[in-house]
Structures are given as structure tokens and as C-alpha cells.
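Structure first, commentary second.
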Amino acid sequence: MAGRFGSGIDRIAERRALRRWRRAADAAPTMEPADLKRARGEARVLRREIDRVLHAAEGRLGLSGQAHGAIQKPLGTDWAWRPELWTGPVHPPGLAAIESRQAVGSELTVFHDCRVSELSLRQVRNTGALDLAPFGLRMDVFAFDGSFLSLVLNLPEDAASGLTRRHLLGLRIAAETEKPLELFARLNVRHGPNTEQLVREIPLGREEAMVEFDLGYSDLNEKRVEQAWIDLIFEGPELNQILIRDLTFTRRRRAEL
């Protein structure tokens, strides 16, 4: 479709489709249940595709500059990824009094053990001249009576496909905090009935930090890799505002010795 979107034929078809859905919206309050159910199914399919276009458009057009959306890739990178929260708008864009296991978008889940949640998250637009990601994630933590707080990010299938003990998985993060705290990243790789875990501390207090997980130090069964995910673990998060302006992942093979 590149170069042809918006042609004369496309515009005619779009106007007809728009008129059709306007009529359907007007008729929905009095529509027969069977017809209403069918219209709902069609509308949901259409909305998914529209949301995909809006997500990409809002992300790519959110910032100007040729470097926008770029991912810094070490030499030999065979996979790179920026999660949806940092590439385009998610719905809802913000949540307050977040309960444990609350999903934010389709890739990230919040875990904690607070009895009373005073935790809020909001997707925000990045405006810095050097920002590569169009969006960021702001987390406000007030009173915190729990013992742990983590953001769990499911990595896509491509991250686990072909994963071996010769791979290095890199995490690059640009984050700011109101006051110092400790941040750890834990890589989890499920292989058969077992799960390998590698933990790295992320050094905050600088413009950007990067850590790598060396799977050579794991007992990974390469033939049975099923899934991978990352836990971002915050130590002592109370009375703090945490802004993650960017988060990217890369995968590369370790140099042979």
C-alpha cells in the first residue's frame, strides 16, 4: 500500500465505509439483537486495525528528526525491540490505585503486595530533543506498605526463537527518579519445566544505562526454550516519581574466544 494510500479509489471507498458505519451507529439503539451482534463483531475487527494504524502513526509522528524511533544496536545484533508503551499510545493511558497483576497495555503487568495501593502509572509524551522514543512511562509511588514492586514485561516470540547459551541479551534504559532508589532487572527464560533467571543491577543516576545478560552463565536447554520475560524490580520506591523515558532490548551472539 506504500505510496498508494489515499488514492482516488481509496477515498471513494472510505467515504462509503464511513457512511455505512454512521448508519449503523444511528440504527444501533433499535437494531435486532442478531444484527447488532454481527455489527459488533465487524466493528471490533475494524477497530483493531484502526488502533494499529493510530498506534504506529502517533508514535512515528510524535517526534521529529531522522533518528526518531531508532534503537541503538551493538555490532552483531540479530534482534531489537522497543515495547509498545514507548512506541505509541496505549489505552487507558493512565491508571491510579493500581492493584497487583494490573495490565498496562498488552505487554506490561504491575506486581506488588501492598495492602492499600497508592501507586499510579501514566503514559506521557517525550519532548526532549534527544529522545528516541515518542512516549515514556511515569510511575508515582506515595505511601508504600508492601515488600516488593515490579513491572513484568513479556518479550515477543522473536526474542526466544533460536535463543542459545551463546547469546547476550541487552537492556538499555533512560530513566529519571526524584530521589535515589535501587533498580534491578531479572531475565526469565522458560525452557521445558524449568525457568532460568539472571539478575543485573541497573545503575541509575546517569542519562542512560545499559546492562547485558550473558546466557553462557545459565543452564539453558536450548532445544526447549518457550518464553522469555523481564522483571524490573524497584527497591524502596516509596514517595518517589520514576520516569522511564525509553526502554529497548537487543540480542547478539557473544564473540567466540
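The values are calculated or read from the model by the stated rules, or taken from the named source; none is laboratory data. Predicted, not measured: the structure shown is a model, and the values here were computed from it. All Cβ positions, even for glycine, are placed from backbone atoms using ideal geometry, and neighbour counts span all protein chains on display.
Of all strands (runs of 3 or more DSSP E) completely enclosed by the stretch 146-218, which ones contain at least 1 residues that are under 17 Å from ARG245 (Cα atoms) and touching a Lys or Arg at 6+ places or on another chain (Cβ under 7 Å)? Break it down into steps so the answer makes sense when it comes.
Working: elements: 149-154, 167-177, 182-191, 194-202, 209-214.
Result: 167-177, 182-191, 209-214.
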| field | Residues of the stretch 77-94 that turn out to be farther than 15 Å from ASP131 by Cβ and assigned to a helix (DSSP H, G or I), as a count | value | 1
| note | Selection from the stretch 111-132 of residues buried (at least 19 other Cβ atoms within 10 Å of the Cβ) and over 15 Å from PRO93 (Cβ atoms) yields HIS112, CYS114, SER117, LEU119, ASP131, LEU132
| request: Please give the number of the condition PRO193 fails out of (1) exposed (fewer than 12 other Cβ atoms within 10 Å of the Cβ); (2) within 21 Å of ALA80 (Cα to Cα). | output: (2)
| query | Could you say which residue among GLU212, GLU201, GLU208 is surrounded by fewer than 20 Cβ atoms within 10 Å (Cβ to Cβ) and modelled with pLDDT under 95? | reply | GLU208
| note | Of the residues in the stretch 217-254, those that are among the β-branched types (Val, Ile, Thr) and either surrounded by fewer than 17 Cβ atoms within 10 Å (Cβ to Cβ) or within 14 Å of ASN188 (Cα to Cα) (or both) come to VAL225, ILE230, ILE233
| message | If the requirement is being surrounded by 10 or more Cβ atoms within 10 Å (Cβ to Cβ), modelled with pLDDT of 70 or more, part of a helix (DSSP H, G or I) and not assigned by TED's automatic domain parsing to the domain that holds ALA228, which of these qualifies: ALA39, ALA56? | response | ALA39
| message | Suppose we keep only residues that are without any contact (Cβ under 8 Å) to a residue 40 or more places away in the chain and over 21 Å from the mean Cα position of the chain (by Cα) within the stretch 204-251. Which one would you say is nearest to PHE144 (Cα to Cα)? | response | GLY205
| query | Somewhere in the stretch 61-75, is a residue assigned to a loop (DSSP other than H, G, I, E, B), at pLDDT 80 or above, β-branched (Val, Ile, Thr) and touching a helix residue (DSSP H, G or I) at 6+ places or on another chain (Cβ under 8 Å)? | reply | no
